[in-house]
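The values are calculated or read from the model by the stated rules, or taken from the named source; none is laboratory data. Just so it is clear, the structure is predicted and the values come from calculations on it, not from any experiment. Please note: Cβ atoms are built from the backbone with ideal geometry, for glycine as well, and neighbour counts cover all protein chains shown. Areas reflect the complete protein model, heavy atoms only, side chains present, ligands, DNA and RNA absent. Shrake-Rupley method; radii C 1.70, N 1.55, O 1.52, S 1.80 Å.
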Amino acid sequence: MDCLFCKIAAGEIPSNKLYEDDTLLAFYDIDPQAPLHFLVIPKRHIGSAAKLTEEDAPLLGHIYAVIANLCRELGVDESGYRVVTNVGTDGGQSVRHLHFHVLAKRGLAWPPG
Ligand code: 5GP
Ligand code: ZN
């Protein structure tokens, strides 16, 4: 499958990695929308959050635990951050492999645009 984030997960396309283990990868976004902006992706191809099932509960728990640890290490756990996953066209998803944006180090508006 011709999927950019599968290629990044496999190391075929380089990325600026923050954290990696057997199931997931965290790397800096190439076009940051905040002073701190990284992505967390499962290594397994999942098209979007719309494809998740009950069986993915451990993976999702792991993803959020890794995000919490990274944000603590990066010193933004007190100041706060946003975790967001875009789904489909109206959701603004441009890469069709599940990813969680983590944005921090500036005040983020709500509602989003
Ligand atoms: P989406 O728009 O699908 O929610 O988010 C995709 C994100 O992937 C965007 O924020 C975009 O900047 C980022 N992105 C796209 N291509 C690359 C790439 O080759 N490397 C990295 N590190 N980020 C990318
Ligand atoms: Zn993929």
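Count charges around residue 1 for me, please; just the other residues with Cβ under 14 Å from its Cβ, Lys/Arg as +1, Asp/Glu as -1. The answer is +3.
In this simple spin-label model, placing a label point 7 Å from the Cα along the Cα-to-Cβ direction at both residue 108 and residue 60 gives a separation of 1.8 nm. Our summary gives segment 12-98 a relative contact order of 25 percent, counting only alpha carbon pairs under 8 angstrom and 6 or more residues apart. Of 57, 68, 26, the residue with the greatest mean-square motion in the GNM of the chain, using alpha carbon springs below 10 Å, is 57.
The radius of gyration of the Cα set in the chain, together with its Dmax, comes out at 13.6, 40 angstrom. Ranking 74, 39 from most to least accessible surface, computed with a 1.4 Å probe over the protein chains only, gives 74, 39.
Looking at the chain, the accessible area is 59 square angstrom per residue; that uses a 1.4 Å probe and ignores ligands, DNA and RNA.
Cross-link partners of residue 17 among lysines, defined as those whose alpha carbon lies under 21 angstrom from its own and excluding same-chain residues fewer than eight positions apart: 7, 43, 105. Positive end of the dipole of the chain (Cβ unit charges, origin at the Cα centre): among 63, 52, 81, the Cα lying farthest that way belongs to 81. Solvent-accessible area of residue 54, all protein chains in place: 150 Å² (probe radius 1.4 Å, heavy atoms, ligands and nucleic acids excluded).
Against the main long axis of the alpha-carbon atoms of the chain, helix 57-73 sits at an angle near 40°.
Taking the Cα centre of the chain as reference, the dipole from Cβ charges on Lys and Arg (+1) and Asp and Glu (-1) amounts to some 240 debye.
When the helices of the chain are scored as -39500 (n - 2.57) per DSSP H run of n ≥ 4 and the total is divided over every residue, the value at 222 nm lands at -6500 deg cm²/dmol. Placing unit charges on each Cβ (+1 for Lys and Arg, -1 for Asp and Glu) gives the chain a dipole about its Cα centre, and among 23, 112, 11 the Cα reaching farthest toward its positive end belongs to 112.
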